[in-house]
Amino acid sequence: MFPILAFETRSYISNKMAIFWTVAYPIAMLSLLISIFDPGLATDDVFASYRFKTTVGLITLTIVSTALFGMGQAMSEMRAQRALIPYLFLPVSASTIIFAILFSRIIIIVGFSAGFFYGAFFILGVDINYTAIIVLQVFLSLLAASLFSFALVLPLLYISRNAATIIALANVVNIYALMSAGVFIPMEALPSWSKIFVISSPFYYLNIGLQASFEQDFGAFVLLTGAAISALGIGIVMILASNKLLVPK
């Protein structure tokens with residue numbers, strides 16, 4: 001597993017589209033949103049501030065978009081070029097190969113997200129008390145969100161035949177995430193009849209779980225939600241991991 005993990009990590013870093021969604025997208029979007037929409041109002045509750053919620057929300061959406069386009073598109077193109085076929089000759093299971101590919105991306109996105117949080121909060125003056133518990137909570141929340149988001153790409157790969165198809169499907173899922181995560185459209189701005197659209201979305205719980213991880217009192221609900229999302233991601237991998245994901249259709 002570790003040779004696959006190392007190779008896929010190097011491959012990911014050399015992919016310009018993946019790096020765009022992982023690095024350039026959140027930096028550009030945060031700069032744009034803060035410069036245009038930040039009300040600049042002082043608040044005693046840092047977790048209720050626009051800067052905090054926007055920074056965390058953008059990382060949530062970055063994880064989703066990186067999974068959809070950074071891995072989904074890349075794997076589809078590699079599969080079409082038969083670049084994944086050599087993995088079939090390794091003495092490991094298909095699930096091991098898929099997990100290695102996923103974790104090669106997850107390691108990078110979790111590491112970048114942690115650095116982005118620290119840098120953005122420092123520049124924007126968001127005062128976070130980084131205790132050991134807080135750091136652990138944030139790490140576990142990032143891991144759960146990443147595992148679910150990258151696993152969510154596998155059904156798209158399973159039903160798609162080429163890169164064009166998966167890009168179209170990825171755009172649909174990404175738009176759904178943008179509209180339902182509660183980042184650009186806060187719950188307070190929605191009429192009561194449409195709130196079900198948000199609270200039924202897994203991306204909304206990824207976002208509020210990541211926000212809650214910065215508070216000392218993590219909360220059993222958020223903890224159980226993260227565990228459920230992680231279990232769902234692992235379940236998707238175990239069900240769909242097969243040679244069909246590695247060979248052209």
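Read-outs: derived from the displayed coordinates by stated rules, not from any lab. In this text the structure is predicted, and so the values were computed from the model without any measurement. No Cβ is skipped: glycine too gets one built from the backbone with ideal geometry, and neighbour counts run over all protein chains shown.
With N counted as the residues of the chain, its alpha-carbon radius of gyration over 2.2 N^0.38 Å works out to 1.02. I need the shape label for segment 1-126. Rule: rounded when a/c is under 1.5, else prolate if a/b > b/c, else oblate, with a, b, c from the alpha carbon gyration tensor. It comes out prolate by the Cα gyration axes. Calculated over segment 101-249, the projected area of the Cα convex hull averaged across directions stands at 10.5 nm². Applying the Karplus relation 6.51 cos²θ - 1.76 cosθ + 1.60 with θ = phi - 60° to segment 46-61 yields 3J(HN,Hα) values of 4, 6, 9, 6, 4, 5, 5, 5, 5, 4, 5, x, 5, 5, 4, 5 Hz, where x marks Gly and Pro. Projecting the Cα positions of G235, I109, A28 onto the charge dipole of the chain (unit charges on Cβ atoms of Lys, Arg, Asp and Glu, taken about the Cα centre) puts G235 furthest along the positive direction.
Counting neighbouring Cβ atoms within 10 Å and putting the fewest first, the residues D127, D44, D38 line up as D44, D127, D38. Rounded to the nearest 10 degrees, the inclination of helix 220-240 to the longest alpha-carbon principal axis of the chain is 20 degrees. G125 sits among other residues whose Cβ lies under 12 Å from its own Cβ, and their net charge, with Lys and Arg +1 and Asp and Glu -1, is -1. Using only the alpha-carbon atoms, how far is helix 202-212 inclined from the longest principal axis of the chain? Give it as 0 to 90 degrees, nearest 10. Approximately 50 degrees, to the nearest 10. Report, to the nearest 10°, how far helix 163-180 tilts away from the longest principal axis of the Cα atoms in the chain, using its own Cα long axis and a range of 0 to 90°. Approximately 20 degrees, to the nearest ten.
Counting other Cβ atoms within 10 Å as a rough exposure proxy, the listed residues Y130, Y158 run Y130, Y158 from fewest neighbours to most.
Quote the relative contact order of the chain in percent (integer), defining contacts as alpha-carbon pairs under 8 Å separated by 6+ residues.
About 30 percent, as a whole number.
If you plug the beta carbon distance of M179 and F37 into 1/(1 + (r/R0)^6) with R0 = 22 Å, you get a FRET efficiency near 0.80.
When you count the other C-beta atoms within 10 angstrom of each residue and take the mean per peptide, 56-66, 191-201, 146-156 line up highest first as 56-66, 146-156, 191-201.
For segment 39-119, the set of trypsin sites (Lys or Arg not before Pro) satisfying both a DSSP loop assignment and a count of at most 15 other C-beta atoms within 10 Å is given as R82. Among E188, E8, a tally of other beta-carbon atoms within 10 Å of each Cβ gives an order, fewest to most, of E188, E8.
Dimensions of segment 60-133 based on its C-alpha atoms, expressed as ranges along the principal axes with the largest first, amount to 51, 25, 13 Å.
In this label model, A189 and N243 are separated by 5.1 nm, measuring between points 7 Å along each Cα→Cβ vector.
What is the Rg over Rh value, at two decimals, for segment 139-217, using alpha-carbon atoms and the Kirkwood definition of Rh? Radius of gyration relative to Kirkwood radius: 1.04.
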